[in-house]
1. How many residues does the range 188-200 contain that are without any contact (Cβ under 8 Å) to a residue 12 or more places away in the chain and assigned to a loop (DSSP other than H, G, I, E, B)?
2. Within the range 176-187, identify whether any single residue is in the same structural domain as residue 283 (by TED's automatic domain parsing) and in a strand (DSSP E or B), and answer yes or no.
3. Restricting to the range 177-192, name every residue that is crowded, with 19+ Cβ neighbours inside 10 Å and more than 22 Å from residue 716 (Cα to Cα).
4. Six or more apart or on different chains, Cβ atoms under 8 Å: show the pairs whose first residue is in the range 31-43 and more than 15 Å from residue 282 (Cα to Cα) and whose second is surrounded by 15 or more Cβ atoms within 10 Å (Cβ to Cβ).
5. Within the range 404-428, take every residue that is more than 47 Å from the chain's Cα centre (by Cα) and not in a helix (DSSP H, G or I) and give me the one that is modelled with the lowest pLDDT.
6. Only one residue in 479, 559 is touching a residue at least 24 places away in the same chain (Cβ under 8 Å), crowded, with 21+ Cβ neighbours inside 10 Å and farther than 23 Å from residue 449 by Cβ. Which one?
7. Is it the case that the range 311-324 has a residue that's modelled with pLDDT of 75 or more, under 29 Å from residue 171 (Cβ atoms) and touching a helix residue (DSSP H, G or I) at 6+ places or on another chain (Cβ under 6 Å)?
8. What is the residue count in the range 604-647 for residues that are outside any helix (DSSP H, G or I) and more than 22 Å from residue 581 (Cβ to Cβ)?
């Protein structure tokens, strides 16, 4: 835990603190600029705010520049002799490693180097190299508490956003498309805004004022009584929401929410996001006025809508879109006498030039270097320096002591060299001693003995069941120590482990495969040998290969073909893990679609469900509709195979037309358990399911226990024109 906090959590906290403070300084400058200069154009103000947002997000990636603002800090003069003085060196930042250090290859500390230079042996320093265990301490507890608190807060905010998205999904599902004069007015407004993308207009009883939501499938919801309002009021409200679409605000909103969640603790970032929302609303209002809407009439509409209790009539739920903080400022902006003087948009060339200049300026301000110079106080008054001749400089310069470079053969661990440790461990069978030997091999391997130490570890593993890693048992402790030693040796162990994958000894083969997987991307060169081992008849070896490939490079050549071989095997657990790997590969795994279709006939319900899910994730299409349709009557209710089959067909939409006969057969069954799901799927398929119209109309007339609204919705989607 201490190593995790020191290596990851504490550097991450310093990184976040530096990021937040630099962004805060930048936002203070922006706020002062807005207060002092007070630009009249909302477009100019929003350009400044967007540049501040982009600069703040890019602060960690911006290079530091300049000599820095130097701050002098006086230190007390240490009471040490000149012979003992040491010049301290610190990393350039809290999250950067000192030059020359590595996680897999430890370097000698300055004290150790000095001991070697004075002639002390490694054995005398052995006890100092391993510090005793100690409690976490106040500093680490504070770091752990801060990271835990931030994580819990972010999780709560994400859950809140997910609840909001679920509510919007229900609104979309339960809404009714607008028709008649309202639909014609909406089409005219779209033409005025020159929108070519797909934007739908629908009504919902829980909506009290126009609401725009959706990322790709954009929708505007209005109250059911929207058609009863004045035409000009309807036009103004629709133009405002379409202005958001024209400006692509619905695409920027999710990015702003991510920033809001990540920096929930930062008051200046929250101010920036609120101000961006305010300026965004003003710009949309200006676009509405430019379309000929009277500002006073539009202000009356805003006031009328603001008097309602929220934009959504949903109890105990407050969505971000329901806030009315900006209405007062918008009305004041509309009623300004010279408003129309400032609503002209900036030309595109000026927008690009101004935005680029602001972004460069703000990045420059946020990435300026800050240095601290530490000086020792002097008790004597400053004396005028006398010129020194070159000869005196050469005479006064201290002589550098050359530290002799140690040969590999001179390295010791606990007083013994590498060959002595190797001989002792081959003859010593006690587990606790072999665990110490693994630590010795790890130290030697990280300091020049990589291939030899790896081979020595493999020789010891021949007699151990490498699937057993319980550190409380002697054998398990040895195996666990072996894996940790390979992890410390690093990339130097890859060639030896690659050859060991082909070993006839099963224990060595298993150990080598898992060890290569723990090395990650450093073991890419071993992928061909590992994939060849996937043909092994041993179930555990095959499973280790799947895990190893997933960690090294799941997109490497031949990986998909090797997983297809596993799908045809007899081990259920391996087939499941192979499908999980194909899901992570994504659309690159499409060649495995025929093998996955064959797995749909597996006797295990869990395997069938996973196969359907994998087909959906990797992008299977019409070729899988027929086989998946046969699972609509699957009897395995433990893993709910039927539900996953319906989800797959619904995800394909119109491409699932081949499943229509099977769905009609299920709808005709008077006691079918999934008739509602079949009706919903037919509606999602749409016009391609017209042959289902007779049975759906019949169900609509009969009292069959089904929900009429679901049947009506399916009929609308299958036959939008109503010719049924």
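1. Final tally of qualifying residues: 1.
2. yes
3. Passing the criteria: 189, 190.
4. Filtered contacts from the range 31-43: 31/268; 33/48; 34/45; 34/48.
5. Residue satisfying both the conditions and the ranking: 404.
6. Matching residue, one of 479, 559: 559.
7. Within the range 311-324, not a single residue is modelled with pLDDT of 75 or more, under 29 Å from residue 171 (Cβ atoms) and touching a helix residue (DSSP H, G or I) at 6+ places or on another chain (Cβ under 6 Å).
8. Qualifying residue count for the region: 6.
The values are calculated or read from the model by the stated rules, or taken from the named source; none is laboratory data. Predicted, not measured: the structure shown is a model, and the values here were computed from it. Using ideal geometry, Cβ is built from the backbone for each residue, glycine included, and neighbour counts are taken over all protein chains shown.
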